[in-house]
Amino acid sequence: MTVRTAARPVDELAGRFWQGFLERQPLTATILGYEGYDDLLPDPGPEGRAKERAANAETLALARGIDRTDLSTEAAVTLDLLEVISETALELDDARLYQLAAVDQLFGPQQIPSDLTTLQKVDTPERFDHYLGRLARYPAFIDATVGVLGEGKAEGRTAARVVVERVIGQVERLLETSPQDSAIYLLMQPPRQADRDRLLEALQRDVYPAYQRYLDALRDYGPAAREEIGLWSTPGGEAAYRVSIKASTSLDERPNDLHAYGLAQLQEINEERAVIAARMGRRSWPELLADLDADPDNHARTPDELVARADAQIRRAEAAAEAYFSRLPRAHCTVQAVESYREKDAPFAFYYPPNKDLSRPGIYFVNTYDLPQRPYHMLATTTYHEAVPGHHFQIALEQELDELSEFRRFGSRLAGTAFVEGWGLYSERLADEMGLYEDDAERLGMLGAQAWRAARLVVDTGIHALHWTREQAVEFLGDSGLTPINAAIETDRYISWPGQALAYMVGQREILRLRRTLEERDGARFDLRAFHDQTIGHGSLSLDALRRELPRWVGPRED
């Protein structure tokens, strides 16, 4: 029997859920700036997973037992998010996708010690002790991960061979670098010699032996790796892919429908590219792309030049933003080059949000590896997606919504990345409205990025539902305009992270549909600033909640 209630029980349930999540996922807590967990690591083993499952099952049952009749709009949105997050988490656990996550070239266990040098504060003796305490737990974390590899191998649910080979290469490169020359030691550099000695001892005692055990386990695991790259080839793979789609988009979508949508979008974008090519005096957009790729003035000569150009783009976008947004984030956004140990496997760029007390700004990472493959005409659209007005605006503002609960400000992205990535992709188009692209070459780069995300829909569904090969996926992305190195890196990203690539176009589709609906409803009184403020002014949302609430939040402009 349900109980008639106001918002308070919803907020209490959200608070309990969020507190428990931070305790079970202390790395996420550190990224967000919750320092009470900085000496802990998650437990990927059976006991840790059982706790996670029990918490999600309890949250789902309690959320479904709350009567929505008297709930405020924000309380109803919170309840939506709790149900989507907990239900999807249970379905992901049922699909045992954690067995595949134990081998990941993007965010795998081998990344943790180095990532923490950027994400964890060590500026006091106590904080430094917490970091060393975390390193001391790293061997047990790796041992539990090795156990997960064994579980997957026993059940026939193993990572694709190309992913295993990439991770083996990463760990080998980590071990080839001495502890004294490691990114961890060089980046950390605590001021006291005694602390530097303790750090070096921790690397030698805890971290490097754990790397070696993980590498040994991967080499043993390698012969069992899948030759086929799609989830369809794993036990229960079709159902696992459907829940992967839901985990990224918060929607129950059919792979074939998404595949068809991606193909249709790609055709429209190619028509737009043809117009620009003709305007620039070329017979086709592939010819124009080839000329741009060969143009030395379209490439940075040094890594610093690429980073400086990205920084200048952010500052230009910030200056233009007031005409399109009423509320701007307090947090700054900085630019850094991707670290050398992982640059070969990392995408062109990615973003880390600020922590909750704003002592660490948002960080826009730009990959400066192989500069001939990083043309300037692709940088601008990437900057506006990842930084301003894209991810940095949406995520930093979300974290600054003091009127919302901490769950809503920091935990709502657990409902899937379609809202976040959809806003990023929408921002690439918005940047053109804002006059941020300096020429048609950068505008062509924007269309190339849009085509890339449409191609992602095709490739992700092709790999995981339609039995595509890796070669087929790389070729399709190349034909869509990606450089060879990016086509290969992106294909392997989709192989190891099923469903995530769908979030971009699906999220953008919903935002654009709602904007068109409101433009038609309000005509000349449509308020674009209000549309943007309300779209990102309530934190990350499930797409169902966005469809339901945004038309009520955005009213016509008062003339």
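The values are calculated or read from the model by the stated rules, or taken from the named source; none is laboratory data. Because the structure is a prediction, the values reported are computed rather than measured. Cβ atoms come from the backbone with ideal geometry, glycine included; neighbour counts cover every protein chain shown.
Structure notes:
- Within segment 403-421, not a single residue is touching a Leu at 6+ places or on another chain (Cβ under 7 Å), crowded, with 22+ Cβ neighbours inside 10 Å, closer than 27 Å to GLN313 by Cβ and without any contact (Cβ under 8 Å) to a residue 60 or more places away in the chain.
- Qualifying helices (runs of 4 or more DSSP H) (wholly inside segment 363-479; at least 2 residues being under 21 Å from GLU322 (Cβ atoms) and out of contact with any Cys (no Cβ under 8 Å at 6 or more places or on another chain)): 376-386, 391-399, 418-433
Residue by residue, here is whether (1) out of contact with any Ser or Thr (no Cβ under 7 Å at 6 or more places or on another chain); (2) more than 30 Å from SER233 (Cα to Cα); (3) in a helix (DSSP H, G or I) holds:
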residue: LEU135; (1), (2), (3): yes, yes, yes
residue: GLY147; (1), (2), (3): yes, no, yes
residue: GLU151; (1), (2), (3): yes, no, yes
residue: GLN170; (1), (2), (3): yes, no, yes
residue: LEU174; (1), (2), (3): yes, yes, yes
residue: PRO191; (1), (2), (3): yes, yes, no
residue: ASP195; (1), (2), (3): yes, yes, yes
residue: LEU199; (1), (2), (3): yes, yes, yes
residue: ALA210; (1), (2), (3): yes, yes, yes
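- Yes/no for ALA159 being among the hydrophobic types (A, V, I, L, M, F, W, C), crowded, with 19+ Cβ neighbours inside 10 Å, in contact with a helix residue (DSSP H, G or I) (Cβ under 6 Å, 6 or more places away or on another chain) and under 23 Å from ALA224 (Cα atoms): yes
- All conditions in (1) surrounded by fewer than 20 Cβ atoms within 10 Å (Cβ to Cβ); (2) within 12 Å of LEU41 (Cα to Cα) hold for ARG134, with the sole exception of (1).
Conditions (1) within 15 Å of the chain's Cα centre (by Cα); (2) at pLDDT 95 or above; (3) under 19 Å from MET446 (Cα atoms), marked per residue:
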| position | (1), (2), (3) |
| --- | --- |
| ARG315 | no, yes, yes |
| PHE325 | no, yes, no |
| GLU343 | no, no, no |
| PRO347 | yes, no, yes |
| VAL366 | yes, yes, yes |
| PRO389 | no, yes, yes |
| ARG408 | no, yes, no |
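- Among the candidates ARG173, ARG192, ARG161, residue that is outside the structural domain of GLY499 (by TED's automatic domain parsing) and under 24 Å from the mean Cα position of the chain (by Cα): ARG161
- Whichever residue in segment 117-133 is in contact with a Ser or Thr (Cβ under 8 Å, 6 or more places away or on another chain) and not charged (D, E, K, R) and, among such residues, is farthest from GLU201 (Cα to Cα): LEU119
- Residues (assigned to a loop (DSSP other than H, G, I, E, B) and among the hydroxyl-bearing types (Ser, Thr, Tyr)) located in segment 310-350: TYR324, SER326, SER340, TYR341
- Residue within segment 513-526 that is within 19 Å of SER326 (Cβ to Cβ) and either among the aliphatic types (A, V, I, L, M) or crowded, with 23+ Cβ neighbours inside 10 Å (or both) present: yes
- Of all residues in segment 27-60 being modelled with pLDDT of 95 or more and among the acidic types (Asp, Glu), the one that is surrounded by the fewest Cβ atoms within 10 Å (Cβ to Cβ): GLU47
Results for (1) closer than 30 Å to ILE168 by Cα; (2) outside the structural domain of SER480 (by TED's automatic domain parsing); (3) out of contact with any strand residue (DSSP E or B) (no Cβ under 9 Å at 6 or more places or on another chain); (4) touching a residue at least 24 places away in the same chain (Cβ under 8 Å), shown as yes or no for each residue.
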| residue | (1), (2), (3), (4) |
| --- | --- |
| GLU227 | yes, yes, no, yes |
| GLU238 | yes, yes, yes, yes |
| LEU251 | no, no, yes, yes |
| ALA260 | no, no, yes, no |
| ALA264 | no, no, yes, no |
| GLN267 | no, no, yes, no |
| ASN270 | no, no, yes, yes |
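- Selection within segment 283-297 - within 18 Å of ASP439 (Cβ to Cβ) and surrounded by fewer than 18 Cβ atoms within 10 Å (Cβ to Cβ): GLU287, ALA290, ASP291, ASP293, ALA294, ASP295, PRO296, ASP297
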